[in-house]
Amino acid sequence: MKRIFDKFLKAYLIIIFIILYAPIAILVLFSFNEGITMGGRRIGSTVIWKGFSLEWYDKLLRTPEIWTALGNSTIIGVITSLISAVLGTISAYALVRYDVKGRNLFYIIMLVPIIIPEITEALSLLLFYVLFNIKLGLNTIIIGHATFCIAYVFTVVRARLSDYDRSLEEAALSLGATPFQTFTKVTLPILAPGILAGSLLAFTQSFDDLIKASFTTGSGVITLPMLIFSKIKSGVSPEINAIATITLIISGTLAFISYWISSRS
Amino acid sequence: MLSDPNSKLNLKKLKGYLLIVPTFVFELLFFIIPLIIVFAYSFSKIDSFGRITYEFTLQNYFNILTPEFTKTILRTLAVASLSTVFCLILGYPIGYYIGFKEKKYQNLLIMLIIIPFWLSFVARTYSIISIFSTNGIFNQILTLLGFVGDKPQWLYNWYSVVFGMVYNYLPMMVLPIYASAEKLNPQYLEAAQSLGASPIKVFFKVTLPLTMPGIFAGSILVFIPSVGEFLVPELLGGIEWYMIGNHLWIIFLAMGNYPLGSALSIVLIVLVLLITVLYIKYFAREVELGF
């Protein structure tokens, strides 16, 4: 009875994995679909297989707006994860190591993004920018992303700080190292994998974000998810599959490295 | 060197505050204050030229009470609740199964559950279009299996929206359930069984109550993003199945009617908070968010 039940659950799990991964696999597959010429334009199907071809990737390479969007998303992601790394690390360090008042208030602020929908955060930031006449562009997107990405670094670093051996720091201090030296030579190297894992995750979250970027962008600044979204609105095409595949590879690889770093240490 | 222990203590405290202040100010400035601004804007006026005047009015909230918006709000709550229930039904056996697996398989299986969640949300939602479009893969499979006749339109329905939600948010349900199942001591189950309880009774009397914190946390983690969802109804639902998020997008980015949009988003926030608080108060006394 129990064995049958176990087999049943196993089969169920396999079906769930197929449902989770099949759409992604099909998306990637059809990014390599051959197109046909119709009315002087190359068009292609995302559901009927014609043959293997790299033409959509070739087209991407020659489309400047893709490169601009990829560049913008990368710049936003890198700066966002740098801000998150610094602010997330120092605030986690302060909360674990120092007896600061208002600790609970801070935790609540870090948790609120989880309990209010992202779109309300996005539109509230837009109103803030409009009210204070802040010029919309790359900077305003970066700020919007950092407000929710700090929590990723904060959570990972706080966990590492809570369960690590402080005697190493005490040893360094008793051997004559200054507190600053102790921090840079002992504490930081121990925290480094956590900071890196959190920052990579912050990068992928920023890199894949559509909502906040759409609300806080200005003067024609377009990110990769925004570009994919606007292209989907004007009709599906293997070209979109190709751009989507590239974003899947980038964020998937970084998230995997992040996971690998944090599970190894 | 003699130093006053009190001043040393204060210096240490001061350092702690210095380290926390930058993040605190950042979140206050770009996260908390903007939310207060939305609240203020929701009581402001807009004239026919689109100019906003800061005069107190409740008109924006009255405008939300119109049938069109009320319908949207009810539709949003229905879709989000249904998605949460489906995630629970589909996700519970997964979390349960992985939670009782040997440690070496657990990490791998949980990673397989999380991986899709790391991947671009836009790309994942887009991938469903090709599966369920009229000539899509799903209908092709149906034809291969011998179903002939009119190809059904799977997209732009409530079930395609719910499918999209479940597809995207299932990991949020599985993770906390897995966490609570993994902590469950198998000896409890053995004890209940050796005392003569049937497997079904063991499940309802022991396993289910002990995994409740995971169920509660998972439900909250699925419900909240579903209520505020924009992309899934936009791509898989269409205008007929627009939710609050889609209206907020149009009101803010196409119409520029900030007062009305602010009022609608305040309604959304209040609904989410109210439902979450009531849910925790009456059902979920122990919520473990699992992080």
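The values are calculated or read from the model by the stated rules, or taken from the named source; none is laboratory data. Remember, it's a predicted structure, so these values are computed and weren't measured experimentally. Positions of Cβ are generated from backbone atoms using ideal geometry, with glycine treated the same way; all protein chains shown enter the neighbour counts. Surface areas here come from the heavy atoms of the whole protein model, side chains and all, with no ligands, DNA or RNA. Shrake-Rupley method; radii C 1.70, N 1.55, O 1.52, S 1.80 Å.
Just one of the listed residues (A:34, A:55, A:65) is open to solvent by less than 70 Å² (accessible area, probe 1.4 Å), away from chain B (no Cβ under 12 Å) and among the acidic types (Asp, Glu), and it is A:55.
The criterion of at least 3 residues that are within 12 Å of another protein chain (Cβ to nearest Cβ) and not polar (S, T, N, Q) is met by the following helices (runs of 4 or more DSSP H) wholly inside the range A:161-265: A:188-207, A:211-216, A:224-233, A:238-264.
Whether a residue is of a type outside the set (Gly, Ala, Ser) and open to solvent by 30 Å² or more (accessible area, probe 1.4 Å) was assessed, and residue A:240 does not pass this test. Apart from one condition, residue A:122 fits all of (1) within 7 Å of another protein chain (Cβ to nearest Cβ); (2) closer than 19 Å to residue B:231 by Cα; (3) of a type in the set (A, V, I, L, M, F, W, C); (4) touching a Phe, Trp or Tyr at 6+ places or on another chain (Cβ under 9 Å); the exception is (1).
Within the range A:82-102, does at least one residue satisfy the condition of being under 26 Å from residue A:250 (Cβ atoms), charged (D, E, K, R) and open to solvent by less than 60 Å² (accessible area, probe 1.4 Å)?
Here is the first cut: in the range A:82-102, the ones under 26 Å from residue A:250 (Cβ atoms) are A:82-89.
Filter once more, so that each one left must be charged (D, E, K, R): none.
Within the range A:82-102, none of the residues are under 26 Å from residue A:250 (Cβ atoms), charged (D, E, K, R) and open to solvent by less than 60 Å² (accessible area, probe 1.4 Å).
As for the range A:68-83, it holds at least one residue that is within 10 Å of chain B (Cβ to nearest Cβ) and under 23 Å from residue A:216 (Cα atoms). For the range B:41-60, a residue qualifies if it is closer than 15 Å to residue B:256 by Cβ and of a type in the set (D, E, K, R), and the qualifying residues are B:45, B:47, B:51. Looking only at the range A:117-139, which residues are assigned to a loop (DSSP other than H, G, I, E, B) and surrounded by fewer than 21 Cβ atoms within 10 Å (Cβ to Cβ)? Across the range A:117-139, the qualifying residues are A:132, A:133, A:134, A:135, A:136, A:137. Of the helices (runs of 4 or more DSSP H) lying entirely inside the range B:149-236, the ones with 1 or more residues being in contact (Cβ under 8 Å) with a residue 40 or more places away in the chain and within 23 Å of the chain's Cα centre (by Cα) are found at B:158-183, B:208-227.
Residues that are in contact with a Gly (Cβ under 9 Å, 6 or more places away or on another chain), more than 10 Å from every other protein chain (Cβ to nearest Cβ) and not acidic (Asp, Glu), at least 2 per element: which helices (runs of 4 or more DSSP H) completely within the range B:40-144 meet that?
Values: elements: B:59-64, B:67-99, B:103-118, B:121-132, B:137-144.
Of the helices (runs of 4 or more DSSP H) lying wholly inside the range B:40-144, those with at least 2 residues that are in contact with a Gly (Cβ under 9 Å, 6 or more places away or on another chain), more than 10 Å from every other protein chain (Cβ to nearest Cβ) and not acidic (Asp, Glu) span B:67-99.
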